[in-house]
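One structure is given here, and the rest of the page talks about it.
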Amino acid sequence: MVKDQYDYIVVGAGSAGCALASRLADDPANQVLLIESGPADKNSFIHMPRGIGVILNPGSKYIWDYQVQTGGNGPEERWFRGRTLGGSSSVNGMVYMRGAPLDYDGWAAMGCQGWGWKDVGAAFARLENHDQGAAQWRGGEGPLRITTHPAGDPLFDAILTAGEEMGVARVADVNEVNACREGGLGWQPTTRFKGARFSSARAFLEKAEQRGNLHVATDTDVLRVEFDGRRAVGVRVRDKQGERSVKAAKETILSCGAIQTPKLLQLSGVGPADLLQAHGIEIVVDAPDVGKNMREHRHVDLKMRVKSHSQNKDLSGWRAIWSALRYFLTKTGPMSHAAHEIGGFAKSEEGIDHADLQFGLMSMSSGRDPDGKIGIDPYPGITFITYFTRPESQGEVRIQSADPDVAPHINANHLSAEIDRRKFVAAFRWNRRLAQQPALKAWGAEEMEPTASLETDEDILAHAMELGGTCFHMAGTARMGVDERAVCDPQLRVRGVNGLRVADTSIMPTLVSGNTNGPAMMIGMRCADFILGQSK
């Protein structure tokens, strides 16, 4: 039963929220409430790495499901985010990347003290329990289990050799600082342990809940942050017992992600004044950038037919049932794989001083049947997935109603910046060059549609929305900074009010060069550092 008051209320039990709540509860004097809109993470398909094929179906209670404008005249696309304990770390592809030191040093150069690589790299080291052991900027005793995909598959090894033939080094750890800067491909580090998903809920909540001062409330919606003047004093919640207010004696922290956090801020009266007035919401703070600056990676795919060692047959028909049974009996086989078996970074062109592409191999391929239904291809296939790591296109999230049950309007505005279009083409051509290297000739690698017939830059861009998709790395919609329009200051306090912070990917001024699950956990840990340091 949720009490009437806590010291700290954390809204959203996702990647950042679990890390933050657990750290706050390290101090037994703190009473902490962690609120999750979705149910507990008890479904066995959550913990089976490739069980996301079931979890992500439309209508699933474990996800937020959005229809999103892609920008221009492009068709809408479906975005989903986690809505269960662990948030998106319970429904994602488990690819563990941290971003490049360049990203975080760039934040520090913008005035965000405490966010340079020296501080952030140390936080990642505290976070990680890496199967390769501790090293400079890598942790071996943290709460988050990191498992590198095992070496040995000859096709995957040939792809790493193909990278070497292109001049991209083979590396043991693709998150190593030099690999992020100069480029390097290797076996993919993942958030798995002993064949099972290792979400932020597993990393942070299983022990923290035993302390008695952390209360986790699932199936509980936060309708708005409540204010006394300009001080956040708690939240209005709705659960099976109805609606009521819960007070926060010290602070309320929003960790709802880059879509739900700006939505909740706007519903609570913190956002663009004209938007709030249009929906009859009382203005607490006119914050015009709440919901703006949304950044996202857009990947371009190359699908290839190969002679063997694709997982297509093992994930189709009766073999899929056998693969699932094998997983439940032994925690091995195709269902134990993360989204990518190998990955890493590369430079899109010669002469640049920093890698700007991220690559991932998917050991399966999919397409549309004559009826338009998406399914696994009937032949052995694999997929190269590559994207530009530092996009400049900016989208937006804004409420469409004062009713919290109405989904926000989301416009990704993909490829609106010239550099993003240019680098999208460069990523396409990098995929194709990799596929044409001598190491893959013995595998009969044959590029398939929809890319095989495309040649000119104009054709590639004309079909851009069909050649890949969103990476689900949304960020930036409540950015931190030192300028007047920044939503949060560098200690993640929401400007213009007291007692309210944001701790999730929405605080990123720019998008990091890689997947955002690990960085989100780091942000939760850094927010706890700021709060606990201040309280001491």
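Quick check on region 6-39: of everything there that is part of a loop (DSSP other than H, G, I, E, B) and under 15 Å from Phe198 (Cα atoms), which residue is farthest from the chain's Cα centre (by Cα)? So the residue we want is Ala13. Arg224 fails exactly one of the following numbered conditions: (1) touching a helix residue (DSSP H, G or I) at 6+ places or on another chain (Cβ under 6 Å); (2) surrounded by 24 or more Cβ atoms within 10 Å (Cβ to Cβ); (3) of a type outside the set (A, V, I, L, M, F, W, C); (4) more than 30 Å from His340 (Cα to Cα). What is the number of that condition? Arg224 satisfies all of (1) touching a helix residue (DSSP H, G or I) at 6+ places or on another chain (Cβ under 6 Å); (2) surrounded by 24 or more Cβ atoms within 10 Å (Cβ to Cβ); (3) of a type outside the set (A, V, I, L, M, F, W, C); (4) more than 30 Å from His340 (Cα to Cα) except (2). Could you list all residues from region 449-466 that are among the aliphatic types (A, V, I, L, M) and surrounded by fewer than 17 Cβ atoms within 10 Å (Cβ to Cβ)? Ala452, Ala462, listed by residue number. The residues of region 65-112 that are among the basic types (Lys, Arg) and either crowded, with 16+ Cβ neighbours inside 10 Å or under 12 Å from the mean Cα position of the chain (by Cα) (or both), listed by number, are Arg81, Arg83, Arg98. Gly184 passes every criterion in (1) among the small types (Gly, Ala, Ser); (2) within 23 Å of Gln260 (Cα to Cα); (3) in contact with a Phe, Trp or Tyr (Cβ under 8 Å, 6 or more places away or on another chain) apart from (2).
When restricted to residues that are without any contact (Cβ under 8 Å) to a residue 12 or more places away in the chain and part of a loop (DSSP other than H, G, I, E, B), region 401-422 contains 3. Scoring Lys313 on the criteria (1) crowded, with 21+ Cβ neighbours inside 10 Å; (2) at negative phi leaves a single failure, condition (1).
Quick grid of which residues meet (1) buried (at least 17 other Cβ atoms within 10 Å of the Cβ); (2) of a type in the set (Asp, Glu); (3) modelled with pLDDT of 95 or more:
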residue: Asp173; (1), (2), (3): yes, yes, yes
residue: Gly184; (1), (2), (3): yes, no, yes
residue: Thr191; (1), (2), (3): yes, no, yes
residue: Arg197; (1), (2), (3): yes, no, yes
residue: Glu206; (1), (2), (3): no, yes, no
residue: Gly212; (1), (2), (3): no, no, no
residue: Ala217; (1), (2), (3): yes, no, yes
residue: Thr220; (1), (2), (3): yes, no, yes
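Residue count for region 113-137 satisfying the condition of being crowded, with 17+ Cβ neighbours inside 10 Å, under 25 Å from Phe472 (Cα atoms), in contact with a helix residue (DSSP H, G or I) (Cβ under 9 Å, 6 or more places away or on another chain) and not β-branched (Val, Ile, Thr): 8. The set of residues in region 378-400 being among the polar types (S, T, N, Q) and either free of Cβ contacts under 8 Å to residues at least 24 places away in the same chain or more than 30 Å from Asp105 (Cβ to Cβ) (or both) consists of Thr383, Gln400.
For region 475-486, the tally of residues that are more than 23 Å from Glu128 (Cα to Cα), buried (at least 24 other Cβ atoms within 10 Å of the Cβ) and not β-branched (Val, Ile, Thr) stands at 4. Taken across region 263-274, residues that are surrounded by 20 or more Cβ atoms within 10 Å (Cβ to Cβ), basic (Lys, Arg) and either assigned to a loop (DSSP other than H, G, I, E, B) or out of contact with any Phe, Trp or Tyr (no Cβ under 6 Å at 6 or more places or on another chain) (or both) do occur, with at least one present. Criterion first (out of contact with any His (no Cβ under 9 Å at 6 or more places or on another chain) and aromatic (Phe, Trp, Tyr)) does Phe384 satisfy it? When the stated conditions are applied, Phe384 passes them. Out of the residues in region 487-536 that are in contact with a helix residue (DSSP H, G or I) (Cβ under 7 Å, 6 or more places away or on another chain), closer than 18 Å to Ser15 by Cβ and among the polar types (S, T, N, Q), state the one that is surrounded by the fewest Cβ atoms within 10 Å (Cβ to Cβ). That would be Ser513. Among the criteria (1) part of a loop (DSSP other than H, G, I, E, B); (2) among the aliphatic types (A, V, I, L, M); (3) in contact with a Ser or Thr (Cβ under 8 Å, 6 or more places away or on another chain), the one Ile523 does not fulfil is (1).
Ile283: assigned to a loop (DSSP other than H, G, I, E, B) and either surrounded by 24 or more Cβ atoms within 10 Å (Cβ to Cβ) or touching a helix residue (DSSP H, G or I) at 6+ places or on another chain (Cβ under 6 Å) (or both), yes or no? Yes; evaluated as a whole, the condition is true for this residue. Pairing each residue of region 151-177 that is touching a residue at least 60 places away in the same chain (Cβ under 8 Å) with any residue that is of a type in the set (Val, Ile, Thr), provided the two are 6+ apart or on different chains, yields C-beta distances under 8 Å for Leu155/Val306; Leu155/Ile382; Phe156/Ile342; Ile159/Ile342; Leu160/Ile342. Inspect all residues belonging to region 338-354 and state whether any of them is within 21 Å of Gln188 (Cα to Cα), part of a helix (DSSP H, G or I) and hydrophobic (A, V, I, L, M, F, W, C). Scanning region 338-354 turns up no residue that is within 21 Å of Gln188 (Cα to Cα), part of a helix (DSSP H, G or I) and hydrophobic (A, V, I, L, M, F, W, C).
Among the residues of region 387-431, the one identified as surrounded by fewer than 24 Cβ atoms within 10 Å (Cβ to Cβ), of a type in the set (Ser, Thr, Tyr) and in contact with a strand residue (DSSP E or B) (Cβ under 8 Å, 6 or more places away or on another chain) is Ser393. Restricting attention to region 91-112, does a residue exist that is part of a strand (DSSP E or B), closer than 25 Å to Ser22 by Cβ, among the hydrophobic types (A, V, I, L, M, F, W, C) and out of contact with any Pro (no Cβ under 9 Å at 6 or more places or on another chain)? Taking every residue of region 91-112 in turn, none turns out to be part of a strand (DSSP E or B), closer than 25 Å to Ser22 by Cβ, among the hydrophobic types (A, V, I, L, M, F, W, C) and out of contact with any Pro (no Cβ under 9 Å at 6 or more places or on another chain).
Condition test on Arg485, is it in a loop (DSSP other than H, G, I, E, B), basic (Lys, Arg) and over 30 Å from Leu315 (Cα atoms)? It is true that Arg485 is in a loop (DSSP other than H, G, I, E, B), basic (Lys, Arg) and over 30 Å from Leu315 (Cα atoms).
The values are calculated or read from the model by the stated rules, or taken from the named source; none is laboratory data. From a predicted model like this one, the values you see are computed outputs, not experimental measurements. When we count neighbours, we look across all protein chains shown, and the Cβ atoms used for this are built from the backbone with ideal geometry, even at glycine.
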